[in-house]
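Visitor: Here's a structure for you.
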Amino acid sequence: MSGINQRIADYVAGTDTPHKVYAARFGVSPGVFSNILRGKRRIMSDEVVKLAEALGVSVGYLLGEDDQTA
């Protein structure tokens, strides 16, 4: 699994928010979001900002540049 997918999965696993809520915020189906969490779907560069906003974390966190989520 790529670094960004793993960071997303780790972050989501550490929250009480259901996956379907994050999927809706990101604008994808729960199945697609599940594929992201399992590393079965790659994150395109133009999706990183939208995904960070959906999760409530910084882009730097998703890219592994920051250990802080915000």
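Visitor: Please go through the range 50-60 and pick out each residue that is within 14 Å of residue 5 (Cα to Cα) and either out of contact with any Phe, Trp or Tyr (no Cβ under 8 Å at 6 or more places or on another chain) or open to solvent by 50 Å² or more (accessible area, probe 1.4 Å) (or both).
Guide: Correct list: 59, 60.
Visitor: Follow-up. Could you list all residues from the range 61-70 that are within 17 Å of residue 3 (Cα to Cα), in a loop (DSSP other than H, G, I, E, B) and not β-branched (Val, Ile, Thr)? Working first, answer last.
Guide: Within the range 61-70, the first condition is being within 17 Å of residue 3 (Cα to Cα), and the residues that meet it are 61-69.
Narrowing the set further to residues that are in a loop (DSSP other than H, G, I, E, B) leaves 63-69.
Selection gives 63, 64, 65, 66, 67, 68.
Visitor: Within the range 2-40, track down each residue that is touching a residue at least 60 places away in the same chain (Cβ under 8 Å) and closer than 10 Å to residue 51 by Cβ.
Guide: Here is the first cut: in the range 2-40, the ones touching a residue at least 60 places away in the same chain (Cβ under 8 Å) are 3-4.
Scanning the range 2-40 gives a single hit, 4.
The values are calculated or read from the model by the stated rules, or taken from the named source; none is laboratory data. Quick caveat, the model's predicted, so the values are computed rather than measured. Cβ sites come from the backbone with ideal geometry, for glycine too, and all protein chains shown count toward neighbours. Surface areas here come from the heavy atoms of the whole protein model, side chains and all, with no ligands, DNA or RNA. Shrake-Rupley method; radii C 1.70, N 1.55, O 1.52, S 1.80 Å.
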